[in-house]
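A.B. asks: Structure incoming, see below.
The values are calculated or read from the model by the stated rules, or taken from the named source; none is laboratory data. What you are looking at is a predicted structure, and each value in this text was computed from that prediction instead of being measured. Don't worry about glycine lacking a Cβ; one is built from the backbone with ideal geometry, like all the others, and counts go over all protein chains shown. Heads up: the accessible areas ignore ligands, DNA and RNA and are worked out on the full protein's heavy atoms, side chains in. Shrake-Rupley method; radii C 1.70, N 1.55, O 1.52, S 1.80 Å.
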Amino acid sequence: MLHRQTVDTTVLPPGERFGMWLDLVARTSAPLRITSAHVDDFAARADFVDLGPIRLVEYQYPSLDATRTRKLVRQSDPELYVLALTTGGVGTSSQDGRHSEIRAGEFTFYDASRPHDVCHHAIEPERTRATSIITLIPHAALPLPPHRMAALYGGRMSGSEGIGALLAQFLVQVTGHPEQYHAADAGRLGAIGLDLTTTMLGRHLVAEDEVPTEVRRRALVTQVQAYVHRHVGDPALSPRVVADAHHISLRSLHRLFEAEETTVASYIRDLRLTRCRRDLADPALRTQPVQVIAARWGFPDKAHFSRVFRAAYGISPQTYRESTSDPARIVNHPASVVNSPAAD
């Protein structure tokens, strides 16, 4: 699975926790001057997931205020952009004269190589902690013109609609469930996260034409795939429906998938079959008829489902279900052949 590194200040005595946090922040992104009403017992946690070109950090901490001064910038320049998604609490972000209030479900963006101010407070400081997911992006990794980025510093971007919503879902999923991905997936996941980030920032710059064509293509593929996952149980889902939902022609949708080694129709079918096979093997769903499971994932016609399932897996749905319900019989079957008496 993806490697997740966790740092929890509560492993230290209360009086040493704040110092540990200051050192962690300085090593992770850039040194900050941090103040908090909770310095005597700063119970905080950070979970790190490295994804090739980018690094994700899921933070939980007491209310704090932070400043990166010109002096600190001169002392250390990490050459990093920071995209922060607030997941709990409320905060503010200020850089280059722009000041924004950031609420849960919203992004802010700033350059760690320039002075800035951020604060993040828990809604109920005595009961809850402020939470966020930070994406650390090397300057060189973001394929947007650096001279245009200042227009976004300290600003606010929605994480509940469009590309922003897709990026927020991606960040929450990967940081919350790294065990669902293989370590070998890290680079590809990082590329997806960077593509989505680039596309979202490009749209807020009203400069999407400056986003590289391949980045836009990959981001749109990810958006289409996410749409299919959300609607895969709808029997009416088809390439035409997908194209209309994304305001592109059917021909453009097919061209979009030419580099994906599959067609849109195949992607929909294969995802439906995967969901059906998973449910057929689930002991908790053993009493549900095969046709009920098939219909749940977009196969209302039982005969058609059986044909498609057999074509994909070489076995009927019912036989597959029976085979998964008696693993001991399957394991022991070859043994009975191997151990049978030799022919005379």
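A.B. asks: Take segment 267-281 and flag every residue that is among the aliphatic types (A, V, I, L, M) and buried (at least 19 other Cβ atoms within 10 Å of the Cβ).
C.D. replies: Within segment 267-281, Ile268, Leu273, Leu280 qualify.
A.B. asks: Looking at segment 1-24, which of its residues are open to solvent by less than 60 Å² (accessible area, probe 1.4 Å), within 13 Å of Arg45 (Cα to Cα) and touching a residue at least 24 places away in the same chain (Cβ under 8 Å)?
C.D. replies: Val7, Asp8, Thr9, Arg17, Phe18, Trp21
A.B. asks: Something else now. Considering only segment 6-60, state which residues are among the charged types (D, E, K, R) and touching a Pro at 6+ places or on another chain (Cβ under 7 Å). Reasoning before the result, please.
C.D. replies: Filtering segment 6-60 down to residues among the charged types (D, E, K, R) leaves 8, 16-17, 23, 27, 33, 40-41, 45, 47, 50, 55, 58.
Within segment 6-60, Asp40, Asp41 qualify.
A.B. asks: Across segment 164-194, what is the total count of residues that are in contact (Cβ under 8 Å) with a residue 24 or more places away in the chain, in contact with a helix residue (DSSP H, G or I) (Cβ under 9 Å, 6 or more places away or on another chain) and either assigned to a loop (DSSP other than H, G, I, E, B) or open to solvent by 10 Å² or more (accessible area, probe 1.4 Å) (or both)?
C.D. replies: Residues in segment 164-194 being in contact (Cβ under 8 Å) with a residue 24 or more places away in the chain, in contact with a helix residue (DSSP H, G or I) (Cβ under 9 Å, 6 or more places away or on another chain) and either assigned to a loop (DSSP other than H, G, I, E, B) or open to solvent by 10 Å² or more (accessible area, probe 1.4 Å) (or both): 9 in total.
A.B. asks: So, Ser76, is that one under 23 Å from Leu194 (Cα atoms), hydroxyl-bearing (Ser, Thr, Tyr) and surrounded by fewer than 20 Cβ atoms within 10 Å (Cβ to Cβ) or not?
C.D. replies: So Ser76 fails the test.
A.B. asks: Could I ask something else about it? Given the structure, is Ala226 surrounded by fewer than 16 Cβ atoms within 10 Å (Cβ to Cβ) and not charged (D, E, K, R)?
C.D. replies: Values: surrounded by fewer than 16 Cβ atoms within 10 Å (Cβ to Cβ): yes; not charged (D, E, K, R): yes.
When the stated conditions are applied, Ala226 passes them.
A.B. asks: Right, something else. All but one of (1) buried (at least 19 other Cβ atoms within 10 Å of the Cβ); (2) without any contact (Cβ under 8 Å) to a residue 60 or more places away in the chain hold for Ala150; state the number of the condition that does not hold.
C.D. replies: Of everything listed in (1) buried (at least 19 other Cβ atoms within 10 Å of the Cβ); (2) without any contact (Cβ under 8 Å) to a residue 60 or more places away in the chain, Ala150 misses just condition (1).
A.B. asks: Another question, then. Which members of segment 79-119 meet the condition of being in a loop (DSSP other than H, G, I, E, B), among the aliphatic types (A, V, I, L, M) and open to solvent by 20 Å² or more (accessible area, probe 1.4 Å)?
C.D. replies: Of segment 79-119, the ones in a loop (DSSP other than H, G, I, E, B) are 79, 89, 96-97, 104-105, 112-115.
With the extra rule that they be among the aliphatic types (A, V, I, L, M), the set shrinks to 104, 112.
Residue satisfying the conditions is Ala104 alone.
A.B. asks: How many of the residues in segment 282-303 are open to solvent by 80 Å² or more (accessible area, probe 1.4 Å) and not small (Gly, Ala, Ser)?
C.D. replies: 7
A.B. asks: Another one. Here is a check on your reading of the model: is Pro31 open to solvent by less than 50 Å² (accessible area, probe 1.4 Å), over 16 Å from Val118 (Cα atoms) and modelled with pLDDT under 95?
C.D. replies: No; evaluated as a whole, the condition is false for this residue.
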